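The values are calculated or read from the model by the stated rules, or taken from the named source; none is laboratory data. Given the structure is predicted, the values throughout are model-derived calculations rather than measurements. Note that each Cβ is placed from the backbone with ideal geometry, even for glycine, and that neighbours are counted across all protein chains shown. Side chains included, ligands, DNA and RNA excluded: accessible areas come from the protein's heavy atoms. Shrake-Rupley method; radii C 1.70, N 1.55, O 1.52, S 1.80 Å.
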Amino acid sequence: MNNSPDRIIIFDTTLRDGEQSPGATLNVAEKLEIARALARLGVDVIEAGFAYASPGDFEAVQKVAQTVGTENGPVICSLARAIKTDIKAAAEALKPAAKARIHTFISTSDIHLQYQLKKSRSEVLAIAEEMVAYAKSFMDDVEFSPMDAGRTDSEYLYQVLEAAIAAGATTINIPDTVGYTTPKEFGALIKGIKENVPNIDKAIISVHGHNDLGLAVASFLEAIENGARQLECTINGIGERAGNAALEELVMALHVRRQYFNPFFGKATESTEPLTNIDTRQIYKTSRLVSNLTGIMVQPNKAIVGSNAFAHESGIHQDGVLKNKLTYEIMDAQSIGLTDNQIILGKHSGRNAFRTRLKELGYELSESDLNKAFVRFKEVADKKKAVSDRDIEAIVNDEIRQPPELFRLELIQVSCGDLSRPTATVTIRTPEGEESTDVAIGTGPVDAICKAIDRVIGVPNELIELSMQSVTAGIDAMAEVTIRLRHQDKIYSGRAANTDIVVASARAYIKALNRICADLQTTAQAEPAAL
Ligand code: KIV
Ligand code: ZN
């Protein structure tokens, strides 16, 4: 890659930093599905995981490298601490990729050096240099991150970056790990690096930032004005704590405000050349996929992909938009792939129409998954007249994208009301194939359901979130229930959709419990490395 590209390199870290969101754990098949969607979206680099962290992470990086890392596909990257074992594992997992990158990092702020690493500045500088050179012995494309760069002494930061570039780093990534800097400060940090690191012309400047103060996207845009050419971001802005800079916001800012940004790339203001390689019409689909697979809902007022992002409520706005969209809309909903689909499926729609619509929505199901989804579609179509795209998405999510189904709900019956004590009866099929039935009383129907299920499955947990959303408008709408549980300090989520909220709640709860049980089975095999 040219070290001063005339467009932005989009480095997607949904599968690595995004997966560090509490409760967002994805299995290998789910990671592959997201990686394929990211390739369709047109990202330049996919950070597929942290290969050394666990056998599951290693396998995910390797599978993404094998499947998506083709000659014309994106660069596939693995994170690695500045430790030989990590770097070696990353190189090994990345072998099948046509284009691969090792991303190695070490903290450089005094607070991290003193309390976390317990090392001096000179020791860290030497490690950075040595480990970049070690990574370089495996491949040419090496990225180096001085973690907590936003709070690192700038003179020391320049020295570390100079050493890393001299040792072979082709990208130097500047992380605002704790989301502390203001956009102006972040822009000045990039400017300082450009002016004070003597060999900076040999590397691409990248930025990585967290949204603790809600400033990540603004800081990145300021960084671009000062010379950053790679942005590390995630779909829907998911990630550690308050998340990362959101890919869709960055890309659409560069798309909608191209004329403003063109001069920073040495282009004429009127140039219509895109500033990223992203196919913006894939944005909405990819956002829905990531939300469905991670169980992390997109807030309605989220920029670009929230359900209200293109909805006009006030009479004055509606009036203006009817007269001319440009009065209150700065971008077209179709530019992110939101379509007004006129053809609604219903109970008379056949398998072919269903398959075609799934394809249009970006789902390619195997024949057996298609059969399962079609049976569910018919059930839903019997209950509600019109089955919308969102309903179909909910069906696929509920029926096909299951965590390992260890326990299965066979029956649920609830009685409740203001004159009776909420009581739930459940029958669950255990992994051994036996049916077990139990009953519980709760403060409300959902409490009774969870208590009855707990009596059968018996995995201790704390329910930390239960949210219910109707998939579409109307009294016959399907409800989508998302449940998040805490078990031994880890968060697990489950999501299910049904026209009956009681059934959806029970299924979502069992899905989250299945994730815990699957995790308990695999954690015995490997102790993950701490990030
Ligand atoms: O936030 C951070 O500093 C990171 C690094 C590993 C790049 O995620
Ligand atoms: Zn991060």
- Message: Would you confirm whether or not segment 246-254 contains a residue that is over 19 Å from the mean Cα position of the chain (by Cα) and modelled with pLDDT of 95 or more?
- Response: yes
Looking only at segment 272-283, decide whether some residue is open to solvent by less than 10 Å² (accessible area, probe 1.4 Å), in the same structural domain as ASP148 (by TED's automatic domain parsing) and under 16 Å from the mean Cα position of the chain (by Cα). yes
- Query: In this structure, is ASN236 in contact with an Asp or Glu (Cβ under 6 Å, 6 or more places away or on another chain) and within 16 Å of ligand 2 (Cβ to nearest atom)?
  - Reply: no
**Asked** Does segment 52-61 contain at least one residue that is within 16 Å of ligand 1 (Cβ to nearest atom), open to solvent by less than 10 Å² (accessible area, probe 1.4 Å) and hydroxyl-bearing (Ser, Thr, Tyr)?
**Response** no
Of all strands (runs of 3 or more DSSP E) fully inside segment 429-499, the set with 1 or more residues that are surrounded by fewer than 19 Cβ atoms within 10 Å (Cβ to Cβ) and in contact with a Cys (Cβ under 8 Å, 6 or more places away or on another chain) is 462-470
Taking segment 140-168 and keeping residues in contact with a helix residue (DSSP H, G or I) (Cβ under 8 Å, 6 or more places away or on another chain), open to solvent by 30 Å² or more (accessible area, probe 1.4 Å) and not in a helix (DSSP H, G or I) leaves MET147, ASP153
Go through the residues of segment 79-92 one by one and say whether even a single one is within 16 Å of ligand 2 (Cβ to nearest atom), open to solvent by 10 Å² or more (accessible area, probe 1.4 Å), touching a residue at least 40 places away in the same chain (Cβ under 8 Å) and under 19 Å from the mean Cα position of the chain (by Cα).
-> no
The condition of being of a type in the set (A, V, I, L, M) and in a strand (DSSP E or B) holds, among ALA51, ALA91, ALA80, ALA98, only for ALA80
From the option list LEU26, LEU15, single residue qualifying as in a loop (DSSP other than H, G, I, E, B) and within 16 Å of ligand 2 (Cβ to nearest atom) is LEU15
Taking segment 478-516 and keeping residues touching a strand residue (DSSP E or B) at 6+ places or on another chain (Cβ under 9 Å) and more than 30 Å from LYS385 (Cβ to Cβ) leaves ARG484, LEU485, ARG486, HIS487, ILE491, TYR492, SER493, ALA512, LEU513, ASN514, ARG515, ILE516
(message) Tell me yes or no: at least one residue of segment 376-389 is out of contact with any strand residue (DSSP E or B) (no Cβ under 7 Å at 6 or more places or on another chain), modelled with pLDDT under 85, in a loop (DSSP other than H, G, I, E, B) and more than 29 Å from THR280 (Cβ to Cβ).
(response) yes
In segment 403-416, anything in contact (Cβ under 8 Å) with a residue 40 or more places away in the chain and either touching a strand residue (DSSP E or B) at 6+ places or on another chain (Cβ under 8 Å) or buried (at least 16 other Cβ atoms within 10 Å of the Cβ) (or both) is listed as PRO403, LEU406, PHE407, ARG408, LEU409, ILE412, VAL414
Residues in segment 308-322 that are open to solvent by 60 Å² or more (accessible area, probe 1.4 Å) and at pLDDT 85 or above total 1
The residue from ALA169, ALA223, ALA188, ALA135 that alone is among the aliphatic types (A, V, I, L, M) and either more than 22 Å from VAL45 (Cβ to Cβ) or within 14 Å of ligand 2 (Cβ to nearest atom) (or both) is ALA188
Going through segment 109-135 in order, the residues found to be of a type in the set (Ser, Thr, Tyr) and open to solvent by less than 30 Å² (accessible area, probe 1.4 Å) are SER109
**Asked** Does at least one position in segment 22-42 carry a residue that is under 18 Å from ALA93 (Cβ atoms), acidic (Asp, Glu) and open to solvent by 30 Å² or more (accessible area, probe 1.4 Å)?
**Response** no
Expected output for segment 174-201 (first residue aliphatic (A, V, I, L, M), partner in a strand (DSSP E or B) and away from ligand 1 (no atom under 13 Å from the Cβ), Cβ below 9 Å, 6+ apart or cross-chain) is ILE174/ILE205; ILE190/ILE205; ILE193/ILE205
Residue hits (segment 489-520; touching a helix residue (DSSP H, G or I) at 6+ places or on another chain (Cβ under 7 Å) and either among the charged types (D, E, K, R) or on the phi > 0 side of the Ramachandran plot (or both)) are ARG495
